[in-house]
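> This is the structure I want to talk about, given as structure tokens.
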Amino acid sequence: MRAGSRRLASGGQIDRKRPLRFSLDGREYAGYAGDTLASALLANGARVVGRSFKYHRPRGFLSAGVEEPNGLFTLGGGGRTTPNVPGTVTELVEGLTARTQNGWPSVNFDLMSVLSLAAPLLGAGFYYKTFMGPRRGSWEFYEPFIRRAAGLGRATHERDSDRYETRYAHTDVLVIGGGPAGVCAALAAGATGARVLLVEQDFLLGGGLLLEREAGARRWLEDARAALARLPNLEVLTRATALGLYDGNTVALLERHDHEQPDPRRGAARETITTVHARAIVFATGAAERPLVFTDNDRPGVMLAAAVRGYLNRHAVLLGRQAVVATSNDSAWETAFDLAFAGASVTVLDECLDISAELLERARVARVRVIPGARVQRALGGKWVRGVKFATQRDPARRLECDLLCVSGGWSPAVHLSSHGGIRPVYRQDIDAFVPGGFAPGHFGAGAMTGALIHVEALASGQGAGLAAAGHVGHVPDRPPPRVPVTPVLNRPARPTPAPVVDAPGKAFVDFQNDVTVKDVRQAHQEGFEAVEHLKRYTTLGMGTDQGKTSNVNALRLMAALRGIETSAAGTTTFRPPFTPVSIGALAGRNVGHHFRPVRRSPLHEWHVDHGAVMIEAGPWLRAWYYRWAGATPETAYIEEMRLVRGGVGLSDVSSLGKIDVQGPDAAEFLNRVYVNDYARLAVGKARYGVMLNDDATVLDDGTTARFAETRYFLTTTTAQAAEVMSRLEFLLQTAWTDLNVQVVSLTDQWAGMSIAGPKARAALRLAFPELDLSDEALPHMGCREIEVEGVPLRLSRLSFSGELAFELYVPADYGAALWEHLLASAAPLGIRPYGLEALASLRIEKGHVAGLELDHRNTLDDLGLGKMARTSKPFIGRELRERPELRAAGRWSLVGLECLEPAARLRGGAILFAAADRIEGHGRGYVTSVTWSTELNRFIALALYQGGLVHVGEEIICAYPLKGEQVRARIVSPMFIDADGERLRV
Amino acid sequence: MRINCPHCGERDYKEFRYAGDAVKTRPALGDADLRAWHDYVFLFDNPKGAHREYWQHVLGCRQWFVLERDTATNVPGRTFRPRERGSR
Amino acid sequence: MRDRYSALALARHAMTGAAWPRAWRSAEPKSTYDVVIIGGGGHGLATAYYLASRHGITNVAVLERNHIGSGNVGRNTTLVRSNYLLDGNTQFFEYSLKLWEGLSHELNYNVMLSQRGQVVLGHSPAQMDVLARKGNIMRLNGIDAELLDRGDVQRLLPYLDYSTQSRFPIHGGVLQRRAGTVRHDAVAWGYARAASALGVDIIENCEVTGFRREGDRVTGVATSRGPIAAGRTAISVAGHSSQVAALAGLRLPVESHLLQAFVSEPIKPFVNHVISFGAELFYISQSDKGGLVFGAHIDGFNSYTQRGQFQQVQTAAECAVALIPSISRLRLLRHWGGIQDMTPDGSPFICRTPLANLYFNGGWCYQGFKATPAAGWCLAHTVANDDEHPLVRHLGLDRFERGNGHDEYALGLWTYRQ
């Protein structure tokens, strides 16, 4: 790739005292601080640095910025492998390692370039027309080959070892772009006292001024940087890309922290996403130069004129000694003058005949040869440009030797960000460019992005925009703004330019990265893909990593010419964020790995972990699944834990249940409306199991609610629905039933809850609290009491989920562990042990209580066998829509119990149920919701929903589980497998 | 998007919960008109343009309120407390 | 007439340099049609194609406000699958997948169906039971499904997060090998080309501004390009269903919500299946061009803006990294939004309406793209016969009055917005 050094002995804005080593494809190179990977490679003589997407054409750098379509690299290695990074925006750091992409065996000699020979076959949309035979599904034969050929870099499957941050920022005025316009805007806004944030994607402020050779430009920048630093209310962020504009003046910002070394220091973030909320925004996003469209315009050595000037003046890299500058506007002339100043022999081919006297005079002085009215037809050369064929009015076939071809087809204002909000850009004929079609309130444009392409205009518009933005947020300057300093002037950086020719022969590229040529655009037009979006999608134009920053306008102008309409009538594509690609890891920030989502832990969490609990994710919660005392696997442990509860006494953590305090004179009426059953007549000191419905009469949630006083209830919800129920209660009280005087407060996190269950539960509790009267008379089934133990409030209810005699105890969360340990210690003589979620869920199945898998938003009260709970004499939510005919129809799937009839087999959740005589196909008559081994019945049992429900009790059915090839016989029984009369609860 | 909570001021929309059309009239509790309940629960005007909708400041004051918002642009307008004049 | 597409035709055109004809005719609206279809998206164009090819009704116009395929057919994440649970939905989506399997040949247009298989992951024993139920239903309906345990998933997709860092560990999954992806734009273009060849008029830049009615009968439409009389009229404009239905005085059980989609830079093959995260709504696949395509949940409030909130972009990225930790280093190239009809039960509508000769197709929620061929097939049948196709009898507008909602995802009435 090398052909000697192109670095000049002096000049540029690089720090020659800080040489840096880096490598490409394993070879070591040297550059300087202040280089980009691209400038350093070019200084080292780089030519071919990449291969194109489709034809694998050799490519060199086209640009010096974010618009780069060709020079993409894979940076780093191992878990830090990062593909597709443009070398033009990669700041050079010591030890950077880069690899070229998409060439095999190398980008310099790429065997895949044979694809170029097949180019006539591979026109726009060729794949839609073939790969269909010989059989249905033949595409899948071809697809793997195509997939392997496509794609750019190769990614790693190793875990990213870096970390990322996210943060929020608030500011009065956000200025996007640190070129002359943005700097002026920031200074003007800052001088009013408004809080200002200025962001620049480059590692240096200056924008277009960084390209200038004149010392005046550099002095201006130094003064401006000093002035910015003096304003305490102004913050400047470089290496910060504004990715997108979102609703509510929200701008997403990517800050890169990779400028000291390739990888972050230990503990430091690689990148930070900042969500900026700005009260006003100044867009000073600049403009990007467009290439010219002609045959073989993708040859390495054909480069954007301003980029060549940037490499020369900023990086002291002279890219050719015999240069041709082909242009349709004045800006590229500056490149010609600067190249000549650096000692190159330069010829300008200007598409215009009418060239200003001033330019001609400067050319004469600089000894730059000028050929007006010249249009480039073809670049010559293979892996680097060797010459150029062009036409003038008099001579249609001229050629020039050259070792650098600088091109400029005009400028495209960077209207991306300002268009993200939905305001479409409009085409300006006088500069042949799209400019913002307007600004939302509080948005202002400045500089080149508005079409103000001359520095002096940019400065003035920047100052104006800065003042306007500050004014928008109520800050006015207390003194007149400083005079805008003047920098070198360009005459007509943009002027109306001829559209690309529609009949360029061979491969004249419009989109470099995706290999879209003039011929492809022509073909799209012929086939009717004229709408911009059709053109883009049919040819893949503008869909590369550069998102068409150099190609979209040329393509639009071509299509307009083909259609014979004005470019302004051809429409534009929609600009989509992000402005430049952004790491997915940065977007995820710190919400990765175990911190992907917040973890909710019970106040007893540490105890569980310390005492052999195996924890399991239950929605946001971590809960004790089972304890190792009972077994090594969940399959065996839960059975031991069940035996414990059925035969002795166990203790389980139910802190994750939703707990809501309901108070007020109308609390009874409120609950009466919310629940299907009656709470108004619930006696103080009693609790009741209740069910609430959705408006559409499906079951929302269930739980027990205790009445501790005339006007005070303690409501519990399922773990899963706690937040939903709370929000719903608030909605009803605040919007629908504002006449009710009731307050609701969530106490879920404030109270620890535990259930002590088993035939020895009362004895155990007596050991823990010998002074309490726990007799059946004092605390009957469904009774509840508020007591105080050593100054700690304790809520005690005699409730059972397991079907055994059981008590629920609630204490303030901080006392949870103390109570838990006290219960275990006091009742140790009775053999008390903790039991986990799996046993909890299994015990309730034996008792026939519904839970999560039955309460899935699809089922009605009657489906769950709870219809009799509804007190229809009073109104409640869901009462009316419950009467819809299909919800009342016979034969709905409703709750039954199942007993496994095959001793060697088991029941499984998700099995589909069939009557014995049914064909085993279709959707069956129901399905198994929850399964457990029953320690009481010594067989597998299940809850299920079955067509017609309990009218089929006693029938034998088939549980089909084709995923495992199983069909198991089971008998329909009552879902209450144990203690149907509830005798165990009333002892 | 930013939403101006009538109690807490402007906050990120992620702090809020959306609950749809606030113009629809919830039938009175016990109203036995099945059609009225059906329309309230299942039918939406779903306008492209001005919309009044319920939001709750879930991660803030937990108050429900009515927000005026243009669904074609997401530009939020006034907020109302429920039942406040003009909230419908 | 049109050139038949084939490798041979490509070679002929390459050698002779002959121009290809337009893929579909650019038609001017006539004053009257047998059938007018409002909406030139995938569903509308498919409907026109099946009306012409299966029902012999060729005097058909497809009216598109913008250009064809400018709505959700070109904005989705390109997934096709038939892993559906509920009676009716299972059969409908399997029918759709069968039509996908023959579509390139049917249309002589390569829509690039890639049946690379979809794995839906489960992250708890209970979730595995829910997945198993669906897988069992699929098998019982002749649809391929395989139950995977954690080890199976790890062998198939070794790059997911199996570490102790994982917030929601993978317990297993269900694989449908016939599920996969389709090149979405090609579907609109392929149907348009085939329908146009059969005589259907595809009229772009033609916005419907009203309905012509005689009593409770619809007789045509008013458009930005003049009135058009129609024997029968079908609405197929999901995302904007409420707007168009309102022109006919209908209120729908539909709210319009924004769903975002995301694509990364193109890379060499990295993900060879469609993978659905089970802890949150998130799904990912890789396009033939190399971009990782992913989607997540709706933004959460009704909107017609076609651009999403940044926070939802972050949420999607979080899911991506939670599922595939190495994706962290790859870069998001573009994200965009589409407007989808959300319905109270998550299921769509293909049916007659209270107005005679007016038919409705919409309410597709997350699943419009994969339904395209069957939606077109069934809507064409419904329009041609003035009676619902048996596959969509359960998808009427009146189902909520009867209490016959089809809550495929058990999301419930309120929570679907979250």
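> Looking only at the stretch A:878-922, how many residues end up being more than 10 Å from chain C (Cβ to nearest Cβ) and among the aliphatic types (A, V, I, L, M)?
12
> Is it the case that the stretch A:936-951 has a residue that's within 14 Å of chain C (Cβ to nearest Cβ), more than 20 Å from A:Glu641 (Cβ to Cβ) and hydrophobic (A, V, I, L, M, F, W, C)?
yes
> Please determine, by comparing only the residues of the stretch A:107-161 that are within 25 Å of A:Val518 (Cα to Cα) and among the polar types (S, T, N, Q), which one is surrounded by the most Cβ atoms within 10 Å (Cβ to Cβ).
Per the stated criteria, the residue is A:Thr130.
> Can you find, within the stretch C:38-74, the residue that is nearest to the chain's Cα centre (by Cα) among those that are under 15 Å from C:Glu106 (Cβ atoms) and within 14 Å of chain A (Cβ to nearest Cβ)?
C:Gly42
> Would you check if there is a residue in the stretch A:701-719 being more than 10 Å from every other protein chain (Cβ to nearest Cβ), on the phi > 0 side of the Ramachandran plot and either surrounded by 18 or more Cβ atoms within 10 Å (Cβ to Cβ) or not in a loop (DSSP other than H, G, I, E, B) (or both)?
Quick first cut of the stretch A:701-719, residues more than 10 Å from every other protein chain (Cβ to nearest Cβ) only: A:701-719.
Going one step further and asking which of them are on the phi > 0 side of the Ramachandran plot, we end up with A:703.
Subset that is either surrounded by 18 or more Cβ atoms within 10 Å (Cβ to Cβ) or not in a loop (DSSP other than H, G, I, E, B) (or both): A:703.
Yes, some residue in the stretch A:701-719 is more than 10 Å from every other protein chain (Cβ to nearest Cβ), on the phi > 0 side of the Ramachandran plot and either surrounded by 18 or more Cβ atoms within 10 Å (Cβ to Cβ) or not in a loop (DSSP other than H, G, I, E, B) (or both).
> Another question, if that's okay. Please go through (1) more than 9 Å from chain A (Cβ to nearest Cβ); (2) more than 29 Å from the chain's Cα centre (by Cα); (3) not in a helix (DSSP H, G or I) for C:Ile143 and return the number of the only condition it doesn't satisfy.
So the condition that C:Ile143 fails would be (2).
> Next question. So, in the stretch C:331-364, how many residues would count as being buried (at least 23 other Cβ atoms within 10 Å of the Cβ), touching a strand residue (DSSP E or B) at 6+ places or on another chain (Cβ under 7 Å) and among the hydroxyl-bearing types (Ser, Thr, Tyr)?
Residues meeting the conditions: 1.
> While we're here: If A:Trp104 passes every condition in (1) crowded, with 18+ Cβ neighbours inside 10 Å; (2) more than 8 Å from every other protein chain (Cβ to nearest Cβ); (3) not β-branched (Val, Ile, Thr) but one, which one does it miss?
Only one criterion in (1) crowded, with 18+ Cβ neighbours inside 10 Å; (2) more than 8 Å from every other protein chain (Cβ to nearest Cβ); (3) not β-branched (Val, Ile, Thr) is unmet by A:Trp104, namely (1).
> Let me ask something else. Counting just the residues of the stretch A:140-184 that are more than 30 Å from A:Asn249 (Cα to Cα) and among the polar types (S, T, N, Q), which one comes out farthest from the other protein chains (Cβ to nearest Cβ)?
Checking each candidate, the answer is A:Ser161.
> Looking only at the stretch A:828-858, count how many residues are in contact with a Leu (Cβ under 7 Å, 6 or more places away or on another chain) and within 12 Å of another protein chain (Cβ to nearest Cβ).
2
> Can I ask one more? Name the one entry in A:Ala889, A:Ala916, A:Ala904 that is modelled with pLDDT under 95 and more than 21 Å from A:His857 (Cβ to Cβ). Outline the logic, then answer.
On the way: A:Ala889 fails: more than 21 Å from A:His857 (Cβ to Cβ); A:Ala916 fails: modelled with pLDDT under 95.
On inspection, the qualifying residue turns out to be A:Ala904.
> So, in the stretch A:102-123, of the ones that are assigned to a loop (DSSP other than H, G, I, E, B) and touching a strand residue (DSSP E or B) at 6+ places or on another chain (Cβ under 8 Å), which residue ends up farthest from A:Arg147 (Cα to Cα)?
Ranking the candidates gives A:Asn108 first.
> Tally up the residues in the stretch C:266-278 that are touching a His at 6+ places or on another chain (Cβ under 9 Å) and more than 8 Å from chain A (Cβ to nearest Cβ), please. Steps first, answer last, please.
To start, the set of residues in the stretch C:266-278 that are touching a His at 6+ places or on another chain (Cβ under 9 Å) comprises C:270, C:277-278.
Now restrict to residues that are more than 8 Å from chain A (Cβ to nearest Cβ): C:277-278.
The total comes to 2.
> Quick check on the stretch A:17-30. Is at least one of its residues closer than 15 Å to A:Val317 by Cβ, charged (D, E, K, R) and surrounded by fewer than 24 Cβ atoms within 10 Å (Cβ to Cβ)?
No.
> Further question: Within the stretch C:318-349, track down each residue that is of a type in the set (Gly, Ala, Ser), within 9 Å of chain A (Cβ to nearest Cβ) and more than 17 Å from C:Val263 (Cβ to Cβ).
C:Ala322, C:Ser326
> What single numbered condition from (1) more than 13 Å from chain A (Cβ to nearest Cβ); (2) hydroxyl-bearing (Ser, Thr, Tyr); (3) closer than 28 Å to C:Leu140 by Cβ; (4) in contact with a strand residue (DSSP E or B) (Cβ under 7 Å, 6 or more places away or on another chain) fails to hold for C:Ser96?
(4)
> Could you grab me the full set of residues in the stretch C:295-317 that are in a helix (DSSP H, G or I), among the hydrophobic types (A, V, I, L, M, F, W, C) and more than 7 Å from chain A (Cβ to nearest Cβ)? Break it down into steps so the answer makes sense when it comes.
Restricting attention to the stretch C:295-317, the residues satisfying the condition of being in a helix (DSSP H, G or I) are C:310-317.
Going one step further and asking which of them are among the hydrophobic types (A, V, I, L, M, F, W, C), we end up with C:310, C:313, C:316-317.
C:Ala316, the sole residue that qualifies.
> Right, something else. Only residues that are over 23 Å from the mean Cα position of the chain (by Cα) and aliphatic (A, V, I, L, M): list them for the stretch A:540-580, please.
A:Leu541, A:Val553, A:Ala555, A:Leu556, A:Leu558, A:Met559, A:Ala560, A:Ala561, A:Leu562, A:Ile565, A:Ala569, A:Ala570
> Right, here's the next one. Please determine, by comparing only the residues of the stretch A:59-98 that are part of a helix (DSSP H, G or I) and not small (Gly, Ala, Ser), which one is surrounded by the fewest Cβ atoms within 10 Å (Cβ to Cβ). Give the steps one after another, and end with the answer.
From the stretch A:59-98, those part of a helix (DSSP H, G or I) are A:78-80, A:87-89; that's our starting set.
The next check asks that each one be not small (Gly, Ala, Ser); those that pass are A:80, A:88-89.
Values: A:Arg80: 18, A:Thr88: 25, A:Val89: 23.
Per the criteria, the residue is A:Arg80.
> Tally the residues that are modelled with pLDDT of 95 or more and not in a strand (DSSP E or B), restricting the search to the stretch C:165-186. Steps first, please.
Initial filter on the stretch C:165-186 (modelled with pLDDT of 95 or more): C:166-186.
If we keep only those that are not in a strand (DSSP E or B) as well, we get C:166-171, C:177-179, C:182-186.
The total comes to 14.
> Okay, moving on. Looking for whichever is within 9 Å of chain A (Cβ to nearest Cβ) and farther than 17 Å from C:Leu79 by Cβ here; the options are C:Gly122, C:Gly172, C:Gly151, C:Gly135. Which one fits?
Numbers: C:Gly122 fails: within 9 Å of chain A (Cβ to nearest Cβ); C:Gly172 fails: within 9 Å of chain A (Cβ to nearest Cβ); C:Gly151 fails: within 9 Å of chain A (Cβ to nearest Cβ).
Only one candidate qualifies: C:Gly135.
> Let me confirm something: among C:Thr233, C:Thr219, which residue is under 26 Å from the mean Cα position of the chain (by Cα), modelled with pLDDT of 95 or more and on the phi < 0 side of the Ramachandran plot? Spell out how you get there, then give the answer.
Details: C:Thr219 fails: under 26 Å from the mean Cα position of the chain (by Cα).
One residue alone meets the criteria, C:Thr233.
> Here's a follow-up. With respect to the numbered conditions (1) hydrophobic (A, V, I, L, M, F, W, C); (2) more than 14 Å from C:Asp129 (Cα to Cα); (3) in a loop (DSSP other than H, G, I, E, B), which one is the sole condition not fulfilled by A:Leu898?
With respect to (1) hydrophobic (A, V, I, L, M, F, W, C); (2) more than 14 Å from C:Asp129 (Cα to Cα); (3) in a loop (DSSP other than H, G, I, E, B), A:Leu898 is out only on (3).
> Would you kindly identify the helices (runs of 4 or more DSSP H) lying entirely within the stretch A:263-377 that contain at least 3 residues that are crowded, with 24+ Cβ neighbours inside 10 Å, in contact (Cβ under 8 Å) with a residue 12 or more places away in the chain and not assigned by TED's automatic domain parsing to the domain that holds A:Arg57?
On the way: elements: A:305-315, A:331-341, A:357-366.
It comes to A:305-315, A:331-341.
> Evaluate the following for C:Ala320: is it in a helix (DSSP H, G or I) and closer than 26 Å to A:Gly244 by Cβ? Before you say what the answer is, go through the steps one by one.
Working: in a helix (DSSP H, G or I): yes; closer than 26 Å to A:Gly244 by Cβ: yes.
So C:Ala320 fits the description; yes.
> Next question, about the same structure. Evaluate the following for A:Leu898: is it out of contact with any helix residue (DSSP H, G or I) (no Cβ under 7 Å at 6 or more places or on another chain) and under 16 Å from C:Arg133 (Cβ atoms)?
On the way: out of contact with any helix residue (DSSP H, G or I) (no Cβ under 7 Å at 6 or more places or on another chain): yes; under 16 Å from C:Arg133 (Cβ atoms): yes.
Criteria met by A:Leu898.
> While we're on this one: When the stretch A:720-741 is examined, which residues are found to be modelled with pLDDT of 95 or more and either on the phi > 0 side of the Ramachandran plot or away from chain B (no Cβ under 14 Å) (or both)?
Answer for the stretch A:720-741, where residues must be modelled with pLDDT of 95 or more and either on the phi > 0 side of the Ramachandran plot or away from chain B (no Cβ under 14 Å) (or both): just A:Asn741.
The values are calculated or read from the model by the stated rules, or taken from the named source; none is laboratory data. Remember, it's a predicted structure, so these values are computed and weren't measured experimentally. So basically every Cβ, Gly included, is an ideal-geometry build from the backbone, and we count neighbours across all protein chains shown.
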